[in-house]
Every structure is written in C-alpha cells, then in structure tokens.
Amino acid sequence: MFSKWLPSTYKSRKKKIDTTQAYDEIWVEIPLVLGTDTIQQIVETRIDLEESAQKIRDISVEIKQLQKEMLLEQIIISGWLVHHIFYVGDDHTIHHKLQETPFRFNMEFVNAKPEYDLMVSATLGYMDYQLKSERWLEIRNGVEFFIQVTEIRDGLMPVGGEKKYRILNLLHDQEKKVISKYHFEFEEQVQEIENINGEFILKEINVLKDQVFIEGDISLEIYYTGQNNRSLFLREEVPVEVAIDVPGLVDGNHLLTHGKGQISFIEPKIVDQKHLALDIGVNVNVRIGEVKNSRVVVNKGKDRVVLSEVLGETNEPYFIESVFEIPQGIPNIYQIKEIKNNILNYKGTIVKDNVLVEGTLKQEVFYIGNDFTEYSFEREMNFDYYIPFLDAEVDHLGEVIVEVSYCKGEIRDKREILERLILKNNVYLTQQVQVEVLIKDRNRQL
C-alpha cells in the first residue's frame with residue numbers, strides 16, 4: 001500500500017492580540033462542565049432464523065433512535081440495536097435477517113439534575129456471536145456511551161488581563177424538516193416490499209449570506225420478495241440538498257459549522273411490479289459558532305468555572321492507493337460497477353504535535369464478470385496515519401470525524417483492482433481550563 005498526504009488545509013490558531021487595546025467587561029454564556037464519563041453496557045440478543053443456517057457470512061450493527069433523559073442523580077438512555085444478518089442456508093444461497101433489539105439503561109450520575117444539559121453519544125465497542133443451532137443465533141454487543149453533563153451560566157468577564165482564552169460562541173441553532181421524493185425501477189418484478197432502512201449521510205455544508213446550504217445522501221437498503229419468492233435486497237443512495245434560512249448570517253472562514261440529519265419516516269408505495277415511489281422525511285439540524293479571542297482577569301474568590309478553550313481545527317485529506325485481487329472461485333472482471341465504503345471502529349489518539357488516526361475500512365465491490373453476470377465480494381482494510389497538529393498535547397481533548405470523500409477503482413488485469421481513496425479527516429481540539437468568573441443576574445440579556 002502506498003500512502004501520502006495531500007496539501008494540508010491546517011491553519012495556525014496562534015494570533016497576537018494588541019496589548020495596548022483597552023478592554024471592557026463582556027457578558028457571555030459559559031458552559032460549566034459538571035462531569036464526564038464513559039460507560040459500557042452489554043446488550044444480548046437472541047435471533048430465530050427463518051431458514052437453517054450452515055454458516056454466518058456477515059453481521060452488521062447500527063445504533064438508532066438514541067434517546068436520553070436526565071433526572072436527579074440519574075440518567076436514562078434508550079434506543080435500538082439494528083442487526084443485519086447474512087447467512088448461508090441449506091440451499092447454499094445467502095439469506096438475510098433483520099433484527100431490531102430495544103435497550104434501556106438507568107445509570108447513576110453525580111451532579112445530574114433535570115435542568116442541566118446532557119450530551120450522550122454511543123458507539124459499538126465489540127460484538128460476539130454464536131450459532132447455537134441451525135436456527136438459533138445469539139449476539140452479544142458491548143455498547144460504549146460517552147456522557148457529558150453541563151450547565152450554562154451567564155458570566156461577566158472583565159477582559160484585559162494576563163490570560164488569553166479562545167471561547168466558542170454559538171451563533172445559530174436551526175432545524176428544518178424536508179420531504180424527499182424518490183422513484184426507483186427494479187430490474188425484476190417485485191411481489192412484496194419486506195423492509196426499508198434509511199440513513200442520512202452529511203457530505204458538505206456551505207455558509208452563504210443569510211443561508212446555510214447542506215448537501216447529503218440518503219442511504220437506502222430495500223428488502224423485497226422477487227420472482228419465485230426469492231428474498232432480495234439492494235442499496236441505493238438518494239442525493240438531498242437543503243437550504244436553511246438563517247437571518248443575519250454572514251459568510252466567513254472564522255465560522256465553525258456542525259450539521260446532522262435524521263430520517264423521521266419512509267413511506268413506500270408500489271406503483272407497479274417494477275416501480276417503487278418513496279416519500280422520505282428528513283430532519284436536518286445545523287449549528288453555527290465562532291471562536292472569539294478574549295483576555296480574562298482571574299479574580300480571587302469568585303465562582304470557578306471550566307471553559308473549553310478552542311485550540312484549533314483542521315480539515316485534512318489523506319490519500320491511499322492499493323492493489324488487491326478478487327477472491328478465488330468467482331469469474332474474472334469485465335467491468336467495475338461500484339465500490340461502496342463503510343468506515344468501522346476508527347479512533348483518534350492525540351500525541352505530541354500530531355493526531356494518530358486508526359481504523360478499519362469495509363468495502364463492497366460490485367462488478368460485471370466475463371460471463372456478463374453481476375458479482376460482488378467484500379474486503380476489509382486497516383489504516384493508520386498521523387495528522388500534523390501544531391502544539392497538540394496528550395492531555396488535550398479532541399474530536400475526529402473520518403469520511404470517504406473519493407473512491408475510484410481501475411482494472412489492473414483480469415483479477416486485480418487498483419484502487420485510489422481519499423479519506424477526509426475533520427479534527428477539532430480543545431482543552432479544559434479553570435477560570436474564576438464574577439457570576440451575576442442569570443436573567444440579564446447578552
């Protein structure tokens with residue numbers, strides 16, 4: 001494998017402030033971090049298969065509909081684990097089973113109160129499974145929850161002292177509900193639609209004057225019954241473009257944007273035996289902030305709060321080029337149809353002046369064989385690389401988001417594929433600092 005960096009978009013966040021400038025007191029909202037914790041919980045699932053299974057080929061897991069509630073000294077987290085099981089039956093064909101498992105956990109959390117802000121994110125730590133019998137499968141999932149409890153306080157900060165901080169100021173938090181209409185034509189006649197799963201994938205956010213423009217894809221999995229009562233499924237991606245009005249917004253490179261989308265409903269309608277119409281509801285949210293430089297006078301004896309000081313952010317692409325062979329037992333390649341990518345279990349580790357990114361890339365390769373029949377196979381590839389980040393230290397806090405922004409496969413010979421990938425890395429570093437602040441009337445307007 002050959003890897004190299006593309007030109008970096010990193011910009012130094014160290015800026016000089018004119019020390020001769022007179023500073024006044026400013027009134028700000030300060031997020032007081034009351035506590036953070038990472039908790040692992042076990043979710044066990046028993047699955048009854050419709051057909052006898054000779055071998056489990058693949059199991060994928062998604063965490064959906066994550067809900068949270070904060071009570072006094074207690075946090076409640078609930079949601080669903082969605083399993084897609086692909087197995088080989090007695091007829092030597094691949095069958096699919098969809099299983100949705102609810103979970104709910106009550107956790108004790110010191111300092112928790114209903115009026116505080118609660119942030120919860122969930123990731124799959126591990127998954128083990130065992131085929132107990134030909135029709136009985138047990139899956140054991142380890143789900144990791146990152147929990148952060150904060151209180152928003154209004155604070156009067158006298159500026160002009162010896163200490164300089166970079167504070168993230170939230171400017172806009174907007175949500176829009178949209179409905180996307182999609183028509184699909186099947187290659188063969190459809191007897192029945194069994195199930196449809198969808199996920200919104202954010203691709204790009206563009207800030208314009210008084211408006212935010214969001215581009216993304218709705219990734220669909222459609223499970224249906226075809227001719228001769230065969231259970232089939234296919235994957236489709238539907239492009240979505242959403243414009244959100246934000247009055248007073250001005251474009252600028254200093255702005256930090258964060259967007260997300262969640263599918264609220266999918267309503268299918270079979271037009272005829274080869275055509276399907278879908279109405280897909282998507283809730284899109286965008287948060288826009290800016291980083292402000294301020295100097296804070298530390299006044300002894302005042303309330304002490306924890307600030308998340310913004311150290312910097314970068315959008316760093318990484319290029320990977322690799323050559324791989326198709327598995328034995330399937331025909332030679334005539335034409336590459338599609339390569340789909342899914343990044344699994346990646347993580348970022350902060351080291352001195354760098355962020356180490358590690359993970360696994362799962363790929364599905366679809367191609368036309370020399371017999372003009374469509375084939376597919378799966379492969380996994382591990383990756384690790386360093387992102388340069390000036391002044392990064394091991395005690396800093398960081399968030400890393402890795403996405404596949406480009407993928408192209410070329411036929412090298414009849415059984416080899418040359419693939420070029422670009423992984424997009426969004427890195428955001430902060431550190432928590434304690435500051436003493438004069439707290440006054442919470443109802444005072446900013």
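Nothing in this text is a laboratory measurement; each read-out follows from the coordinates by a stated rule. On a predicted model such as this, the values are computed, not experimentally measured, just so you know. In this analysis, Cβ positions are derived from the backbone assuming ideal geometry, glycine residues included, and neighbour counts consider all displayed protein chains.
Taking K and R as +1 and D and E as -1, what net charge do the other residues with C-beta under 13 Å from the C-beta of T373 add up to?
-2
If you average the C-alpha positions of the stretch 213-272 and of the stretch 68-144 separately, how far apart do those two centres end up, in angstrom?
Answer, in whole Å: 24.
Measuring from label point to label point, each 7 Å out along Cα→Cβ, what is the R415 to L390 span in nm?
5.1 nm
What is the set of long-range amide H partners of L311 at a cut-off below 5 Å, with H atoms built 1.01 Å from backbone N?
L429, T430, Q431
In what sequence, highest mean first, do 398-404, 44-50 appear when ranked by Cβ atoms within 10 angstrom?
Details: 398-404: 16.6, 44-50: 14.1.
So the order, starting with the most tightly packed, is 398-404, 44-50.
Return the loop-located GluC sites (Glu not before Pro) in the stretch 86-118 (DSSP other than H, G, I, E, B) with at most 12 other Cβ atoms within 10 Å of their own Cβ; answer none if there are none.
E115
Is there a pair in K209/K340; K209/K408; K274/K424; K64/K97; K68/K260 whose C-alpha atoms are over 28 Å apart, and which pairs would that be?
K209/K340; K209/K408; K274/K424
Starting from the Cα of K337, draw a straight line to each of the aspartates and glutamates and keep only those under 15 Å, dropping any in the same chain fewer than 8 residues away.
Within reach: E236, E237, E364, D371, E374, E378, E410, E416, E419.
Once the piece of chain linking E199 and S376 is laid out straight, how much longer is it, given 0.36 nm per residue of separation minus the C-alpha distance between them?
61.5 nm
Under 13 Å between alpha carbons, and skipping anything fewer than 8 positions from K132 in its own chain: which aspartates and glutamates qualify?
List returned: D48.
For F109, list long-range residues whose amide hydrogen, built 1.01 Å from N in the peptide plane, is under 5 Å from its own amide hydrogen.
Under 5 Å from the amide H of F109 lie the amide H atoms of Q74, I75, each far enough along the sequence or on another chain.
Show me the GluC sites (Glu not before Pro) within the stretch 305-396 that DSSP assigns to loop and that have at most 13 other Cβ atoms within 10 Å of their Cβ.
E393
Please list, in chain and number order, the residues 5+ apart from V246 or on another chain whose amide H is under 5 Å from its amide H, with Hs placed from the backbone.
Q211, V212
As an exercise, use a Förster radius of 22 Å and the Cβ-Cβ distance of V88 and N341 to find the FRET efficiency, rounded to the nearest 0.05.
That gives a FRET efficiency of 0.35.
Given points 7 Å out from each Cα along the Cα-Cβ axis, report the E325 to I270 separation in nanometres with one decimal.
Simple spin-label model gives 4.4 nm for this pair.
Counting other Cβ atoms within 10 Å of each Cβ, which chymotrypsin sites (Phe, Trp or Tyr not before Pro) in the stretch 312-409 have at most 10 and sit in a DSSP loop?
F372
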